[in-house]
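Written out below as structure tokens is the structure these notes cover.
The values are calculated or read from the model by the stated rules, or taken from the named source; none is laboratory data. Just so it is clear, the structure is predicted and the values come from calculations on it, not from any experiment. Cβ sites come from the backbone with ideal geometry, for glycine too, and all protein chains shown count toward neighbours.
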Amino acid sequence: MPDSDSFQLHAWVDESMRGATKDQGMYLLGAVVADPTECESTRDELRAVLPKGARKLHWTDMEDRAKKQVTALVCGLDVAHLVVIGTPLDLKKQEKARAKCMERLLWELGEMEVSRVVLEHRTPSLNSRDMKLVDRLRGRQAMPASLRVDIAQPSSEPMLWIPDQMLGAMGDAEANDNGTWLELYNGAVHRIDIEF
């Protein structure tokens, strides 16, 4: 890590759910952490592989050929991957699951000295819920007071596509017993499991 006082790390966060039923399934909240000054070329590379007409890269919309191309690109980036996996997921308690995973993820990102977190835009009411959670966590000192949290549209922030891809690979490995894609990360994904 550079010695410069101006060096920063930012994180971009996305969610995924797999196999949500009454007593099984999982909620995944993933982050990619990177030096924001090095991300413009990454954004350009990601836009270059975006299928015609698509607004973002989305794992579940991609064929295997595209997954292979994008996974190779993502695995070649100078970034860190972090995922919090909460189980068992009851779909009726999705927002509670998100809150618990978010609390742990923001704590971990604070420990990594990340200065800014960008969450993927959901709906206005769910975005408001996320920001209220952030305020509560700050109030409880469950995350650094200086950690800035923003929300962005994935269509305008390609860095949000990276955790989507990583979560897709992780979700396939966990829910479908298909570790083909996750193996390409060569252990570069830091995983934290929590129980609800």
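Of the candidates Ala54, Ala31, the single residue that is under 20 Å from Arg122 (Cα atoms), under 16 Å from the mean Cα position of the chain (by Cα) and either surrounded by fewer than 17 Cβ atoms within 10 Å (Cβ to Cβ) or touching a residue at least 24 places away in the same chain (Cβ under 8 Å) (or both) is Ala31. Residues in the stretch 86-93: is at least one closer than 20 Å to Pro154 by Cα and either surrounded by 13 or more Cβ atoms within 10 Å (Cβ to Cβ) or of a type in the set (S, T, N, Q) (or both)? Within the stretch 86-93, none of the residues are closer than 20 Å to Pro154 by Cα and either surrounded by 13 or more Cβ atoms within 10 Å (Cβ to Cβ) or of a type in the set (S, T, N, Q) (or both). Checked against the criterion of being within 18 Å of Pro36 (Cα to Cα) and out of contact with any Leu (no Cβ under 7 Å at 6 or more places or on another chain), the stretch 129-146 has at least one qualifying residue. Looking at Arg122, Arg98, just one residue is within 19 Å of Tyr27 (Cα to Cα), of a type in the set (D, E, K, R) and out of contact with any strand residue (DSSP E or B) (no Cβ under 7 Å at 6 or more places or on another chain), and that residue is Arg122. The stretch 113-196 holds strands (runs of 3 or more DSSP E) entirely within its bounds, and those carrying 2 or more residues that are within 14 Å of Ser16 (Cα to Cα) map to 116-120.
Against the definition (more than 20 Å from Trp12 (Cβ to Cβ) and either modelled with pLDDT of 95 or more or among the hydroxyl-bearing types (Ser, Thr, Tyr) (or both)), how does Thr180 come out, yes or no? In short, yes. Scan the stretch 55-97 residue by residue and report those that are touching a helix residue (DSSP H, G or I) at 6+ places or on another chain (Cβ under 8 Å) and in a helix (DSSP H, G or I). Across the stretch 55-97, the qualifying residues are Trp59, Thr60, Lys67, Val70, Thr71, Leu73, Val74, Glu95.
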